[in-house]
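> Before we start, here is the structure in question, set down as structure tokens.
The values are calculated or read from the model by the stated rules, or taken from the named source; none is laboratory data. What you are looking at is a predicted structure, and each value in this text was computed from that prediction instead of being measured. Cβ: placed from backbone, ideal geometry, glycine included. Neighbour counts: every protein chain shown.
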Ligand SMILES: [Zn+2]
């Protein structure tokens, strides 16, 4: 069985979609905004907590934004690709 893969370069990723599992609201925003948008680590709509049990700050949204932005800045030195398997019908 063959598998088709979708490869997305990190530097091509400009927006993230955050899907609250409490109210199912989809929040799409630029990478650079996610740390600020989720600074209180809660869904801005239903206040569902986005904290990780047992983990103290730094919060995961801020950490993710920093990591993505840092890696994008050094894309001339290293390329990162996300690989998404696609099912063939
Ligand atoms: Zn919510």
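> Can you run down the residue pairs with Cβ atoms below 6 Å, 6 or more apart or on separate chains, where the first is in segment 18-29 and farther than 15 Å from residue 64 by Cβ and the partner is in a loop (DSSP other than H, G, I, E, B) and near the ligand (Cβ under 9 Å from one of its atoms)?
Partner pairs satisfying both residue conditions: 20/43; 20/48; 22/43; 22/46; 22/48; 23/45; 23/46; 25/45.
> Let me ask you something else. Is there a residue being away from the ligand (no atom under 16 Å from the Cβ), under 30 Å from residue 87 (Cα atoms), part of a loop (DSSP other than H, G, I, E, B) and over 16 Å from the mean Cα position of the chain (by Cα) anywhere in segment 59-75?
So far as segment 59-75 goes, yes, one or more of its residues are away from the ligand (no atom under 16 Å from the Cβ), under 30 Å from residue 87 (Cα atoms), part of a loop (DSSP other than H, G, I, E, B) and over 16 Å from the mean Cα position of the chain (by Cα).
> Here's a follow-up. What about residue 78, is it at pLDDT 90 or above and outside any loop (DSSP other than H, G, I, E, B)?
Details: at pLDDT 90 or above: yes; outside any loop (DSSP other than H, G, I, E, B): no.
Spelling it out, it is not the case that residue 78 is at pLDDT 90 or above and outside any loop (DSSP other than H, G, I, E, B).
> Given the conditions (1) assigned to a loop (DSSP other than H, G, I, E, B); (2) away from the ligand (no atom under 16 Å from the Cβ), report the number of the one that residue 5 does not fulfil.
All conditions pass for residue 5, except number (1).
> May I pose another question? Given the criteria surrounded by 14 or more Cβ atoms within 10 Å (Cβ to Cβ), at pLDDT 95 or above and within 11 Å of the ligand (Cβ to nearest atom), does residue 20 qualify?
Here the answer is yes, as residue 20 does meet what is asked.
> Something else now. Are any residues in segment 19-32 over 28 Å from residue 76 (Cα atoms) and in a strand (DSSP E or B), and if so, which ones?
Matches in segment 19-32: 19, 26, 27.
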